[in-house]
1. Within segment 3-39, which residues have the backbone N less than 17 Å from the label spot 7 Å out from residue 79 along Cα→beta-carbon, could you tell me?
2. So how long is each side of the chain along the principal axes, counting just the alpha-carbon atoms, biggest first, in Å?
3. Give me the three principal axis extents of segment 73-228 from the C-alpha atoms, as integers in angstrom, largest value leading.
4. Please state the relative contact order of the chain as a whole percent: Cα pairs under 8 Å, 6+ residues apart?
5. Over segment 30-141, what is the mean sequence separation of C-alpha contacts under 8 Å (at least six apart), divided by residue count, expressed as relative contact order in percent?
6. Report the antiparallel proportion of the DSSP beta bridges in segment 2-260 as a percent, rounded to a multiple of 5.
7. On a 25 Å Cα-Cα criterion, which of the cross-link pairs 2/288; 107/237; 199/392; 2/221; 306/366 come out too long?
8. Once you compute Rg and the Kirkwood Rh from C-alpha atoms, what is the Rg to Rh ratio for segment 272-357?
Amino acid sequence: MKIGLEIHVALPTKTKLFCSDSTEEAHEPNVNVCPTCMGFPGSRPTLNKEAVRVAKSVSIALNCDITNRISFIRKVYFYPDLPKSFQITQLSECIGKGGFIELEKKKIHLRRVQIEEDPARIIRSEGHTLIDFNRSGIPLIEVVTEPDITTEEELRETIFTLRTILYYQGIDINQEIKADLNISLGTERVEVKNVTGIKNLISAAEYEISRQNAILLNNGKIEVETRSFDEKSNTTKSSRKKESDEEYGFIFEPDLGFYSTEDLETTPVEMPTRAAFELARSHNSSYKTILELIAFDKDALGILYKYEKKYDFKSLIATLEIAKRFNETKDANVFEELLKLVINGIAINQETVNKIKKGERIEIRKFSKDEIDAAILEMLKAEKDIVKRYSKNKNVINFIVGTVSRKYGIQPRDVIKRVEILIDTLQKVEV
Ligand SMILES: [Zn+2]
C-alpha cells in the first residue's frame with residue numbers, strides 16, 4: 001500500500017495573498033473583497049511578502065531546499081469559485097523542494113511546498129449556487145508528500161507530526177486541515193479529493209483501503225479515478241475518471257514575475273521533533289511519549305529543558321503527564337513543586353494542585369499499613385465487580401492503584417504492594 005498526501009494549510013497572515021483585504025473570519029459574505037480577489041478583468045495581484053516569509057519558515061521546518069528565486073503560474077480551469085478562470089499557484093519554482101517529515105522510524109519524503117491562493121467558497125442552497133469571496137485569495141501552502149506512507153499507523157503519525165511542526169510555526173490546523181489523498185493498493189492510483197478535517201482524512205483512507213482490498217481479493221481491477229469523501233456515510237464516491245496535470249493549462253504568471261526570497265528573514269523556531277529525538281536519546285526515554293507531551297504545548301518543552309539536568313528524567317516525564325492532566329504546564333514554579341511531590345512518591349489530585357498554586361506547603365504524609373489497607377478495601381467494596389474483573393485481567397490492578405492513590409493521596413507503590421494480597425484474601429473469603 002502506498003499513500004501520498006497533498007495538504008493545504010492556511011497561512012496566518014493578516015491580509016490576503018495578492019491584495020490587502022483582511023483574512024479574518026467575516027460575519028457577512030462578500031465583505032473582505034476587492035477587484036483583485038474577485039478576479040475582475042484588469043485587476044493585478046501584488047504579492048504579500050509576509051505570506052512568502054511564513055511559507056519559507058515552514059519549508060525550512062520541513063527540511064526543504066529553499067528556492068531563492070520563486071515564480072508563480074496560472075493553473076487554468078473554469079469553475080464558479082474562480083471567476084478569472086485560473087488559480088495562481090506554484091510549480092517548478094515553488095518555495096520549498098524536497099524535504100521530509102521525520103517519523104520515529106522513517107522519513108516521509110516531500111516533493112514540494114508551494115504557495116497558492118484559496119478559491120472562493122461555493123454555497124449551494126435551494127437550487128441556487130451562491131459564491132462567497134471572503135475566502136478567495138487567502139494564502140495557502142500545499143505540502144505534497146511522496147507516496148511513502150505504507151500503513152494507517154504511519155498516516156496518523158505523519159499527520160500528527162506535521163501538525164506539531166506547524167503548531168511550533170504558529171499555525172494551528174486542528175480542524176481546518178484540507179487534504180487530497182492518493183491511495184494505491186495495487187498499481188493504479190486513486191485520488192480522494194478535498195477531504196476536510198483529520199477525522200475525515202483517516203476515515204477516507206480506511207474506507208479506500210478496504211474498498212480497494214475487496215476489489216483485489218475478487219481479482220477485480222482498480223480504476224484510476226478521482227473520488228470524493230462523503231461525511232455522512234463515511235465512504236468515498238467516484239467523481240471523475242482519470243485526471244492528470246496535463247489536463248490543466250499551466251502558464252507563467254507575468255503579473256508577479258520573479259521574487260527573491262533570499263532576504264526574507266525567517267523566525268528561528270524550535271523543531272519539536274528534533275527536540276523529542278534529542279531528549280529521548282540523551283535520557284534513554286521514549287520519543288513518542290516526549291513528542292506527545294510537547295506537541296501543541298511549547299511550555300511543556302520549556303519545562304523539560306529547564307529541569308532535565310536537575311531532576312530524574314523519569315520523574316520529570318511522570319510529573320509532566322500529571323501536570324498536563326490538570327492543565328498546569330504554564331507555571332514552572334508550580335511544576336517544580338509537583339515534581340518534588342512526585343519524586344517523594346506523593347499522589348497528586350486537584351486539591352494538591354490548588355494548594356500548591358496558593359503557595360501552601362504540602363505535607364508529605366506517611367500512611368500506616370492499616371490505613372492503606374482500609375483505603376484499598378473501601379474501594380474494592382464500592383466497585384463490586386472489580387475483583388471478578390481482576391481475576392480475568394490482571395491489568396485491572398492499574399485502575400485500582402490509580403483510583404486509590406488519587407483519592408487518598410497514598411503513594412502508588414505502597415498501594416501496589418498491598419492490593420494483590422488483599423484481593424487474594426477477599427477471593428478466599430468468597431470461596
Ligand atoms: Zn481583495
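1. The answer is 6-10, 38-39.
2. 86, 56, 45
3. Sorted largest first, the three principal extents are 44, 40, 29 Å.
4. Details: 728 pairs, mean separation 59.8, N = 431.
Relative contact order, the chain: 14 percent.
5. Working: 205 pairs, mean separation 28.6, N = 112.
This gives 26 percent for segment 30-141.
6. Numbers: 55 of 59 bridges.
Among the beta bridges of segment 2-260, antiparallel pairing accounts for roughly 95 percent.
7. Numbers: 2/288 23 Å; 107/237 31 Å; 199/392 34 Å; 2/221 17 Å; 306/366 30 Å.
In this structure, 107/237; 199/392; 306/366 exceed 25 Å between Cα atoms.
8. Values: Rg = 12.1 Å, Rh = 12.8 Å.
Using Cα coordinates only, the ratio equals 0.95.
Quick note: the coordinates plus some simple rules give every number you see, no bench work behind them. This structure is a prediction, so every number in the text was calculated from the model and none was measured. When we count neighbours, we look across all protein chains shown, and the Cβ atoms used for this are built from the backbone with ideal geometry, even at glycine.
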